[in-house]
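The values are calculated or read from the model by the stated rules, or taken from the named source; none is laboratory data. Fair warning: this is a prediction, and the values are worked out from it, not measured in the lab. No Cβ is skipped: glycine too gets one built from the backbone with ideal geometry, and neighbour counts run over all protein chains shown. The protein model used for the area step is the full one, side chains on, heavy atoms only, and it has no ligands, DNA or RNA in it. Shrake-Rupley method; radii C 1.70, N 1.55, O 1.52, S 1.80 Å.
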Amino acid sequence: MKAIRLTITAVGMLLLSQCELPQFPLFSSRFEVVRRPLLILPPFASQSSMYVWHGSGRPGPLSVNIDLSEQKAYLFKSGQNVGWTYVATGRSGFATPTGTFRIMEKIADKRSNRYGMIVDRHGNVVNSNATAGVSRIPPGGRFVGAQMPYWMRITGYGVGLHAGVIPRPGSPASHGCIRLPRDMAETIYQHAPVGSRVTIMR
């Protein structure tokens with residue numbers, strides 16, 4: 001009897017020491033878990049602190065997980081973290097949508113058809129923060145859309161990732177799009193084909 005109790009105790013301790021729970025139906029996952037790295041060290045000390053990239057030699061499709069609370073995007077290939085970058089998403093009144101999206105369109109050299117500047121007939125800027133159809137255009141002047149290099153559309157209503165100014169890393173600044181440092185925008189553009197997944201969370 002004592003031997004049986006010792007055997008049961010030993011088996012119980014062995015089960016408790018395992019790293020994972022037994023795979024009963026109660027624990028089966030129905031939801032995808034988005035994991036973010038706690039710490040990523042740059043491969044080179046001189047690399048910019050705005051982003052880290054070490055995915056050029058890694059196989060597999062690129063996916064992007066954007067954390068609005070951190071204003072950072074985490075990059076994955078085949079489930080393995082290959083970098084991160086600061087982003088600037090929608091400021092107050094211009095919310096960036098949350099959810100899971102796919103890259104629908106890619107244009108390397110795009111201009112906004114909604115936000116930009118107004119120039120007069122001589123090409124001088126008279127309004128550097130203009131909205132098409134709202135801001136007044138002087139006689140002979142015109143609207144010039146803001147540059148959005150390495151455009152990657154994720155919604156049908158004009159939200160996408162693109163290169164842009166990040167004035168205060170960690171703080172929102174855009175009209176709803178996801179701005180990226182230019183080098184990182186180009187890198188993502190090169191490694192993320194149409195259909196690549198983009199997840200945006202709070």
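Structural remarks
- Scope the stretch 135-161; condition loosely packed, with under 15 Cβ neighbours inside 10 Å and over 15 Å from HIS175 (Cα atoms); matching residues: ARG136, PRO138, PRO139, GLY140, ARG142, GLY156
- For beta carbons closer than 7 Å, sequence separation of 6+ or different chains, a first residue in the stretch 84-105 that is within 16 Å of TYR74 (Cβ to Cβ) and a second that is open to solvent by 80 Å² or more (accessible area, probe 1.4 Å), the qualifying pairs are THR98/ARG202.
- Any hit, the stretch 143-152, residues being in a strand (DSSP E or B) and on the phi > 0 side of the Ramachandran plot: no
- Within the stretch 142-154, residues that are β-branched (Val, Ile, Thr) sit with their Cβ atoms under 8 Å from residues that are part of a loop (DSSP other than H, G, I, E, B) and at pLDDT 95 or above, at 6+ positions apart or across chains, in these pairs: ILE154/ILE103; ILE154/MET104.
- Hits in the stretch 72-100 (condition: among the hydroxyl-bearing types (Ser, Thr, Tyr), touching a Pro at 6+ places or on another chain (Cβ under 9 Å) and under 16 Å from GLY176 (Cβ atoms)): THR89, SER92, THR96
- Filtered residues of the stretch 106-141 (kept if of a type in the set (S, T, N, Q) and free of Cβ contacts under 8 Å to residues at least 24 places away in the same chain): ASN124, ASN127, SER128, ASN129, THR131, SER135
- Residue, most open to solvent (accessible area, probe 1.4 Å), within the stretch 56-71, restricted to residues that are out of contact with any Pro (no Cβ under 9 Å at 6 or more places or on another chain) and modelled with pLDDT of 95 or more: SER69
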